[in-house]
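What follows is a single structure, written as structure tokens, with notes after it.
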Amino acid sequence: MGDRELIKLLKKNPAKGFDRLTAQYGGLLYMLIRGRLSLSRHGSSEIEDLVADTLSDFYLHLKDFRPERCSIKSYLCVIARNKATDALRKEKVAELPLEDAEDMIDVADDIEETDLREQLLREINALGEPDSEIIIRKYYLGLSSKDIAAALDMTPVNVDTRAHRAVKKLKKALTGGAQ
Amino acid sequence: MKKSVSDLLNNCQPQELDSFLDAVTVKMPEEADGDRIRALAMQKAGVSPKRRALRKVALIAACITVVAAILVGCYVAEKVEYDNAVKFFDLNDLDTEGMSRDDIKRVYRDITTERFQYDDSYTVLNREDYHVEGVAINITNNANNMNNGAIESLSVGQFGAVGHGDIPDDTLYFVDDEFQKSGKNVWRTKLPHYYSDYYIAGGKALIWGSYIYDEAHDYMHTSVALIDDKDGAILWEKTLDSKYHFDEDPQAVLTDDGRIAVLTIATDDRFSGENYLVFRELDLNGKIVKEHEQRTDDIYYTNLLTPLSDGWLAVYDKVFCGGGSWTESYLLKLDKNGIIQNQWRFSQNDSDGYSYEIADMIEHDGKLFVCAQARSNCSTLYENADYENIPENTDSLAYGFTDKWRDAARKEFSAVLLVFEPKDNKPERFYTVEGAMALTDSLRVDDDGNLVWQVGRIVKCGWAPWANSYSLYGITRRYDYTLDSNKKLIKQDRTNIFNSFRI
């Protein structure tokens with residue numbers, strides 16, 4: 001169901017709209033939040049609560065949502081990501097040390113972040129499928145290699161290898177080959 | 001400077017990721033309970049899986065329970081206050097005619113605290129002027145800004161007397177792909193498609209909606225159907241033929257003289273294609289008797305459609321892009337053949353920060369009446385929110401109703417009625433009820449030929465921080481204001497009909 005139809009459905013028949021909304025995006029949001037929280041520490045019910053919060057927030061803010069600006073999917077992802085971040089903050093969980101993370105890129109100090117983001121998205125697009133999707137699933141949605149592999153019909157090792165090479169390409173492109 | 005790919009992606013605006021996320025689908029994992037998520041989300045959003053009739057009953061029952069609890073629990077205090085109120089009325093020679101015990105106390109409290117929030121108080125203090133204009137409805141400067149000067153271009157021609165249609169006593173329900181009607185004659189009708197809206201007139205229910213006819217591409221066309229309001233029998237159902245992939249977002253109306261008008265937005269490409277406004281008129285047998293399309297790329301959504309003596313009037317939203325995007329609402333005048341004759345803006349934040357949203361409109365007695373919800377920017381409203389001390393109780397979606405929120409909401413929301421005079425095509429008069437919500441289907445003509453305007457006076461309001469940080473919810477009591485042929489207010493009915501709202 002397209003975004004505009006879904007919005008209409010939510011307005012006219014909220015119960016049915018929530019059925020569709022959950023069916024279409026529930027899995028994505030659950031995995032996105034699970035990727036940021038620890039399943040062993042939070043449990044599936046807490047993650048489900050945050051997914052429900054995300055969907056209800058979207059519904060209650062429906063009037064503010066502008067489908068001409070972005071898709072429902074992207075919008076929900078942002079809300080879900082913020083929910084997960086808030087949950088971590090409430091727990092006062094320390095930020096993960098990122099200095100040595102594989103996806104860390106050394107960029108010039110004077111570059112504007114918006115320019116950097118634009119360039120990054122261009123380069124991810126240039127990676128082509130399935131590498132671009134692997135990058136989005138791994139570094140934006142936070143999915144595990146095992147989950148990505150299952151979705152893309154690959155082995156986890158293959159996913160890791162492709163992700164590693166893709167990040168290498170991105171680093172090279174964003175730093176002009178300095179790394 | 002080091003940046004991670006994750007951080008950069010997380011800082012992206014949602015629209016930047018649209019193209020990447022488009023192809024990404026993720027199934028619900030086995031460990032997760034999708035039914036629980038859906039039920040919980042609906043609960044947090046205040047959406048009941050039960051039908052609206054049951055919700056309404058539950059709401060009324062809850063109100064009765066709350067009132068009963070207050071009356072029982074505070075009996076002694078209530079009696080003291082009532083006695084004081086009666087003394088106050090006697091002392092000041094105020095008339096209690098037609099007022100209940102509760103009304104008397106409320107007015108007493110309202111006047112002695114100098115809040116003057118209740119229109120009943122205004123009525124009591126101005127009893128002598130009750131039958132003249134402006135007793136309970138103030139004509140404010142805010143309302144005069146409603147058209148922002150765009151009214152100079154108003155050209156809506158001469159109006160004749162055309163009714164708006166019957167206001168149904170019963171309610172038509174959408175249950176999955178079925179309609180169910182409650183009331184004396186209960187009927188339930190299974191439909192092959194999803195329908196999104198309805199209009200009842202002359203003993204028939206017109207329903208309309210758009211549905212996907214091509215699953216592979218999500219192509220959508222519009223269907224309309226006519227139902228016999230006596231027994232729910234489908235008289236006919238028709239998918240409107242279209243040369244476009246998408247012919248959707250329908251608005252329709254059924255007139256008293258048996259004409260059906262349908263407006264749709266059509267395009268082959270929703271994102272970058274040309275958009276067309278398609279007008280169709282059908283007879284009561286479902287046969288298309290008039291059809292006209294015209295390119296209107298800026299029309300995003302039609303919201304209302306009503307018949308005029310010389311054509312049709314629609315409300316539509318226009319989307320502007322560049323440096324962000326925003327939506328403005330317009331009135332659109334079509335001639336009898338559906339050709340656009342004129343359009344004018346009615347909604348834009350005025351100098352006082354009010355915005356307006358049309359809830360209903362009707363042509364009556366040679367004039368056009370437009371009812372709108374006026375809403376301020378709510379800058380003062382959320383000052384009530386104590387964000388620092390939200391109790392961490394996820395079982396409770398709301399703090400409950402409070403006077404503080406009710407009073408704040410009353411300052412921010414007004415129902416507005418605008419009267420257009422056709423001679424010079426300018427709105428001649430405004431009526432504003434402060435502290436009220438505009439209701440849909442709120443304008444009708446009574447048996448005496450007078451215009452009746454229904455307004456929802458805010459009586460309860462609360463804040464639901466766990467449902468949404470900026471969510472207000474509440475209950476309105478319906479007041480009916482009657483205007484005679486001279487557009488003078490001649491009557492105010494305080495009904496016992498309550499509606500809920502959520503913002």
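The values are calculated or read from the model by the stated rules, or taken from the named source; none is laboratory data. Just so it is clear, the model here is predicted, and its values are computed rather than measured. Backbone-built Cβ (ideal geometry, glycine too); neighbour counts: all protein chains shown. Please note that ligands, DNA and RNA were not included when accessible areas were found on the heavy atoms of the full protein model with its side chains. Shrake-Rupley method; radii C 1.70, N 1.55, O 1.52, S 1.80 Å.
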* To do: Filter segment A:24-47 down to the residues that are within 7 Å of chain B (Cβ to nearest Cβ) and open to solvent by 10 Å² or more (accessible area, probe 1.4 Å), then identify the one that is farthest from residue A:68 (Cα to Cα).
  => A:44
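Just checking, which of A:57, A:64 is surrounded by 19 or more Cβ atoms within 10 Å (Cβ to Cβ) and more than 22 Å from residue B:193 (Cβ to Cβ)? Explain how you work it out, then say what you get.
Numbers: A:64 fails: surrounded by 19 or more Cβ atoms within 10 Å (Cβ to Cβ).
The unique qualifying residue is A:57.
Please specify each residue of segment A:114-154 satisfying the condition of being basic (Lys, Arg) and without any contact (Cβ under 8 Å) to a residue 24 or more places away in the chain. Full working, then the answer.
From segment A:114-154, those basic (Lys, Arg) are A:117, A:122, A:137-138, A:146; that's our starting set.
Selection gives A:117, A:122, A:137, A:146.
Taking the stated definitions as given, is residue A:126 modelled with pLDDT of 80 or more and surrounded by 14 or more Cβ atoms within 10 Å (Cβ to Cβ)?
no
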* Residue check, residue A:51 against (1) at the interface with another protein chain (Cβ under 7 Å from one of its Cβ atoms); (2) hydrophobic (A, V, I, L, M, F, W, C); (3) within 12 Å of residue B:45 (Cα to Cα), all met but one. Which one? -> (3)
* Answer residue from segment B:254-280, given it is open to solvent by 10 Å² or more (accessible area, probe 1.4 Å) and among the aromatic types (Phe, Trp, Tyr) and is farthest from residue B:202 (Cα to Cα) among those -> B:271
* Any hit, segment A:3-16, residues being within 7 Å of chain B (Cβ to nearest Cβ) and modelled with pLDDT of 85 or more -> no
* **Members of segment B:479-503 found to be within 26 Å of residue B:367 (Cβ to Cβ) and among the β-branched types (Val, Ile, Thr), listed by number** => B:482, B:490, B:495
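Could you please find all residues in segment A:123-136 being part of a helix (DSSP H, G or I) and within 11 Å of another protein chain (Cβ to nearest Cβ)?
Going through segment A:123-136, the residues part of a helix (DSSP H, G or I) turn out to be A:123-127, A:131-136.
Of everything in segment A:123-136, those that are part of a helix (DSSP H, G or I) and within 11 Å of another protein chain (Cβ to nearest Cβ) turn out to be A:123, A:124, A:125, A:127, A:132, A:133, A:134, A:135, A:136.
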* **Filtered residues of segment A:127-142 (kept if within 13 Å of the chain's Cα centre (by Cα) and over 13 Å from residue B:17 (Cα atoms))** => A:134, A:138, A:142
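Is it fair to say residue B:235 is open to solvent by less than 50 Å² (accessible area, probe 1.4 Å) and away from every other protein chain (no Cβ under 14 Å)? Even if it seems obvious, please write down each step before you answer.
Details: open to solvent by less than 50 Å² (accessible area, probe 1.4 Å): no; away from every other protein chain (no Cβ under 14 Å): yes.
In short, no.
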* more than 14 Å from every other protein chain (Cβ to nearest Cβ), at pLDDT 75 or above and assigned to a loop (DSSP other than H, G, I, E, B) - does that describe any residue in segment B:431-446? -> yes
* Asked: In segment B:23-37, is there at least one residue being over 21 Å from residue A:56 (Cα atoms), within 7 Å of chain A (Cβ to nearest Cβ), surrounded by 17 or more Cβ atoms within 10 Å (Cβ to Cβ) and at pLDDT 75 or above?
  -> yes
* Asked: Out of segment A:137-149, which residues are surrounded by fewer than 23 Cβ atoms within 10 Å (Cβ to Cβ) and at the interface with chain B (Cβ under 9 Å from one of its Cβ atoms)?
  -> A:142, A:147
* Structure fact -> When (1) surrounded by 14 or more Cβ atoms within 10 Å (Cβ to Cβ); (2) over 30 Å from residue A:3 (Cα atoms) are applied to residue B:302, the one that fails is (2)
